[in-house]
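K.L.:
Dropping a structure here in structure tokens format, bear with me for questions.
The values are calculated or read from the model by the stated rules, or taken from the named source; none is laboratory data. Everything numeric in this text was worked out from a predicted model, so none of it was measured. As a convention, Cβ positions derive from the backbone with ideal geometry for all residues, glycine included, and neighbour counts pool all protein chains shown.
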């Protein structure tokens, strides 16, 4: 009995001090919110950064949130944006999706000193611009906040709600048209500039970090005039880098073979019984039930998507001037440090034109390609391998080259750590597999199968990213040195099953071939 009592007293003695109730109440521009204490952290969830984009505000730029009286509870996630959840999604929504979704969440360390300002990590989720949100358990910001940053995640409109145009919408002259999802991201970043200091964040040290469609978003923000000055570092995970990963459609003036966004909008409208291009047509489109606008779109259906849907960013001349690669090549990008990487067996959004002989892509270099790529591979495996190089690996290197050419620091990595429990069935790291390591949410993804080595990789990978957020350089005490890109042959950090290793890119010959083929086109 005495031993048990002594153990209880010791546990109480070592327990973290309770967070004062006053620390969970924060005043922002629209009123007071009350979050929750989670041990050594505070969290604030479901904070509106804009008015719900419903009714007359469907397909409008985000409007400022409306102030509220009293203290608003900020302990539960708001709705993720309207979507049809994907059964195989590694980060399924934790809420019921809805159009009323323009909210963000904040995690921060408790017990900050008065006036203390921490660097800010702004997370942009992936999901092919049709799925995803800020509520999935795998995106819990606790692990990164414990590293001494203010972590912020935000929703943005998806599918036809986020990327849509129609002649009636253009004629209404209500503001920018096409890229409502990107406008939401920019509005959230502007909200941060005005409000993050209330959470102990430094608005002069904001890093945008995104994966997949989120990484593509980061690249678009990096080159968008509308996002200028809103962030100070950028990290891109599996986001492509030359042309847009997804989207890239012109706002108007398309052809039958390549319809523009407004032409796709007309096709959608006609399909739901809305004809004409006047104000009445626009009113009818805005009156459609959300499910009709959604139209059953989800990630697994994007390969054979209908002509009535333009997926992702639209070249509108305001938010998106040109593809990220074009703007980077012309030196028209934000002057910020960039960290960029891929997973080994990443997602091949782009496929070789000739799947029967994918190496024909390389033209006069086809014979050299047969040496660089193993010609004995099954045809489908070879197509996928070339496709991943085209979509992810070479474009990431291209971005690092352009950033370095502009005189700015860049760091490149390839994530190839496979959880120990999966090594019997998986050769390399797949698309999005680094996320549970970045967020230190391995238990959410792998449950009881998580090993000490898995956790060690999560610590190292999270530390590198947190260091980059804090100082614009991933290096720090106790970590293997990560060389800047372009400053020597060992300029690629590979996260292997045996730990992070800086080395020359073992796929350099392949990527050189892809670079020549793409540049020749």
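K.L.:
Please verify whether residue 181 is assigned by TED's automatic domain parsing to the domain that holds residue 301, under 14 Å from the mean Cα position of the chain (by Cα) and part of a loop (DSSP other than H, G, I, E, B), treating the condition exactly as stated.
P.N.:
Details: assigned by TED's automatic domain parsing to the domain that holds residue 301: yes; under 14 Å from the mean Cα position of the chain (by Cα): yes; part of a loop (DSSP other than H, G, I, E, B): no.
Here the answer is no, as residue 181 does not meet what is asked.
K.L.:
State all residues of segment 32-69 that are at positive phi and surrounded by 15 or more Cβ atoms within 10 Å (Cβ to Cβ); if no residue qualifies, say none.
P.N.:
If the condition is that a residue be at positive phi and surrounded by 15 or more Cβ atoms within 10 Å (Cβ to Cβ), then 46, 59 are the ones that fit.
K.L.:
Still on this structure: Pull up segment 237-249, narrow it to residues that are within 17 Å of residue 177 (Cβ to Cβ) and over 16 Å from the mean Cα position of the chain (by Cα), then point me to the one that is surrounded by the most Cβ atoms within 10 Å (Cβ to Cβ).
P.N.:
Let us first name the residues in segment 237-249 that are within 17 Å of residue 177 (Cβ to Cβ), namely 247-249.
Applying the additional criterion that residues be over 16 Å from the mean Cα position of the chain (by Cα) yields 248-249.
Working: 248: 19, 249: 25.
Only one residue tops the list, namely 249.
K.L.:
Next question. I'd like the residue in segment 279-307 that is in a loop (DSSP other than H, G, I, E, B) and under 22 Å from the mean Cα position of the chain (by Cα) and, out of all such residues, is surrounded by the most Cβ atoms within 10 Å (Cβ to Cβ). Break it down into steps so the answer makes sense when it comes.
P.N.:
Within segment 279-307, the first condition is being in a loop (DSSP other than H, G, I, E, B), and the residues that meet it are 288-289, 295-298, 302-307.
Cutting the leftovers down to under 22 Å from the mean Cα position of the chain (by Cα) gives us 297-298, 302-303, 305.
Details: 297: 23, 298: 20, 302: 17, 303: 8, 305: 15.
By that ranking, first place goes to 297.
K.L.:
Would you mind stating whether residue 496 is touching a strand residue (DSSP E or B) at 6+ places or on another chain (Cβ under 8 Å), surrounded by fewer than 24 Cβ atoms within 10 Å (Cβ to Cβ) and at pLDDT 95 or above?
P.N.:
So residue 496 does not fit the description; no.
K.L.:
Select from segment 481-493 the residues that are surrounded by fewer than 17 Cβ atoms within 10 Å (Cβ to Cβ) and either in contact with a helix residue (DSSP H, G or I) (Cβ under 8 Å, 6 or more places away or on another chain) or modelled with pLDDT of 95 or more (or both) and write down the one among them that is nearest to residue 386 (Cα to Cα).
P.N.:
Taking segment 481-493 first, the residues surrounded by fewer than 17 Cβ atoms within 10 Å (Cβ to Cβ) are 481, 486-490.
Those left that are additionally either in contact with a helix residue (DSSP H, G or I) (Cβ under 8 Å, 6 or more places away or on another chain) or modelled with pLDDT of 95 or more (or both): 481, 486.
On the way: 481: 30, 486: 24 Å.
Going through the qualifying residues, I end up with 486.
K.L.:
Mind listing whichever residues of segment 349-367 are assigned to a loop (DSSP other than H, G, I, E, B) and in contact (Cβ under 8 Å) with a residue 24 or more places away in the chain?
P.N.:
Hits for segment 349-367 are 349, 350, 351, 352, 355.
K.L.:
In addition: Of the numbered conditions (1) outside any loop (DSSP other than H, G, I, E, B); (2) crowded, with 22+ Cβ neighbours inside 10 Å, residue 310 satisfies every one except a single condition; which is it?
P.N.:
(1)
K.L.:
Right, here's the next one. Would you pick out the residues in segment 250-273 that are buried (at least 20 other Cβ atoms within 10 Å of the Cβ) and either modelled with pLDDT under 95 or more than 14 Å from residue 309 (Cβ to Cβ) (or both)?
P.N.:
Listed by number, the residues that qualify are 250, 251.
K.L.:
It is to be established whether one or more residues within segment 102-115 are under 27 Å from residue 180 (Cβ atoms), under 22 Å from the mean Cα position of the chain (by Cα) and assigned to a loop (DSSP other than H, G, I, E, B).
P.N.:
If we filter segment 102-115 for residues that are under 27 Å from residue 180 (Cβ atoms), which is where we start, we get 102-107.
Now restrict to residues that are under 22 Å from the mean Cα position of the chain (by Cα): 102-107.
From the residues that got through so far, the ones that are assigned to a loop (DSSP other than H, G, I, E, B) too are 102.
Yes; the residues of segment 102-115 include at least one that is under 27 Å from residue 180 (Cβ atoms), under 22 Å from the mean Cα position of the chain (by Cα) and assigned to a loop (DSSP other than H, G, I, E, B).
K.L.:
Also: Among the residues that make up segment 332-343, is at least one of them out of contact with any helix residue (DSSP H, G or I) (no Cβ under 7 Å at 6 or more places or on another chain), over 30 Å from residue 174 (Cα atoms) and buried (at least 21 other Cβ atoms within 10 Å of the Cβ)?
P.N.:
Yes, there is a match, as at least one residue in segment 332-343 is out of contact with any helix residue (DSSP H, G or I) (no Cβ under 7 Å at 6 or more places or on another chain), over 30 Å from residue 174 (Cα atoms) and buried (at least 21 other Cβ atoms within 10 Å of the Cβ).
K.L.:
Exactly one condition in (1) touching a strand residue (DSSP E or B) at 6+ places or on another chain (Cβ under 6 Å); (2) under 20 Å from residue 185 (Cβ atoms) is false for residue 75; which is it?
P.N.:
The number of the failed condition is (2).
K.L.:
When residues of segment 307-330 are filtered for being out of contact with any strand residue (DSSP E or B) (no Cβ under 8 Å at 6 or more places or on another chain) and at positive phi, how many remain?
P.N.:
Final tally of qualifying residues: 1.
K.L.:
Determine if segment 222-231 includes at least one residue that is in a helix (DSSP H, G or I), within 29 Å of residue 514 (Cα to Cα), touching a helix residue (DSSP H, G or I) at 6+ places or on another chain (Cβ under 8 Å) and assigned by TED's automatic domain parsing to the domain that holds residue 130.
P.N.:
Yes, because at least one residue in segment 222-231 is in a helix (DSSP H, G or I), within 29 Å of residue 514 (Cα to Cα), touching a helix residue (DSSP H, G or I) at 6+ places or on another chain (Cβ under 8 Å) and assigned by TED's automatic domain parsing to the domain that holds residue 130.
K.L.:
For the structure I just gave you, tell me whether residue 276 is in the same structural domain as residue 250 (by TED's automatic domain parsing), more than 26 Å from residue 390 (Cβ to Cβ) and either part of a loop (DSSP other than H, G, I, E, B) or touching a strand residue (DSSP E or B) at 6+ places or on another chain (Cβ under 7 Å) (or both).
P.N.:
Against the criterion (in the same structural domain as residue 250 (by TED's automatic domain parsing), more than 26 Å from residue 390 (Cβ to Cβ) and either part of a loop (DSSP other than H, G, I, E, B) or touching a strand residue (DSSP E or B) at 6+ places or on another chain (Cβ under 7 Å) (or both)), residue 276 qualifies.
K.L.:
Counting just the residues of segment 256-273 that are touching a strand residue (DSSP E or B) at 6+ places or on another chain (Cβ under 7 Å) and in a helix (DSSP H, G or I), which one comes out nearest to residue 169 (Cα to Cα)?
P.N.:
Among them, the one singled out is 265.
K.L.:
Ok, one more. Can you tell me which residue among 239, 215, 243 is closer than 25 Å to residue 521 by Cβ, touching a strand residue (DSSP E or B) at 6+ places or on another chain (Cβ under 9 Å), in a loop (DSSP other than H, G, I, E, B) and in contact (Cβ under 8 Å) with a residue 40 or more places away in the chain?
P.N.:
Result of the check over 239, 215, 243: 239.
K.L.:
Looking at 234, 188, can you tell me which residue is modelled with pLDDT of 95 or more, in a strand (DSSP E or B), in the same structural domain as residue 118 (by TED's automatic domain parsing) and within 16 Å of the chain's Cα centre (by Cα)?
P.N.:
Just one listed residue meets the conditions, 234.
K.L.:
May I pose another question? Just to be sure, is residue 444 surrounded by fewer than 20 Cβ atoms within 10 Å (Cβ to Cβ), outside the structural domain of residue 206 (by TED's automatic domain parsing), within 30 Å of residue 89 (Cβ to Cβ) and at pLDDT 95 or above?
P.N.:
When the stated conditions are applied, residue 444 passes them.
K.L.:
Could you list, in sequence order, the residues of segment 415-430 that are surrounded by fewer than 23 Cβ atoms within 10 Å (Cβ to Cβ) and touching a helix residue (DSSP H, G or I) at 6+ places or on another chain (Cβ under 9 Å)?
P.N.:
Once the filter is applied, which keeps residues that are surrounded by fewer than 23 Cβ atoms within 10 Å (Cβ to Cβ) and touching a helix residue (DSSP H, G or I) at 6+ places or on another chain (Cβ under 9 Å), segment 415-430 yields 419, 420, 421, 422.
K.L.:
Considering every residue within segment 65-80, establish whether at least one is part of a loop (DSSP other than H, G, I, E, B) and under 16 Å from the mean Cα position of the chain (by Cα).
P.N.:
Yes, that holds for at least one residue.
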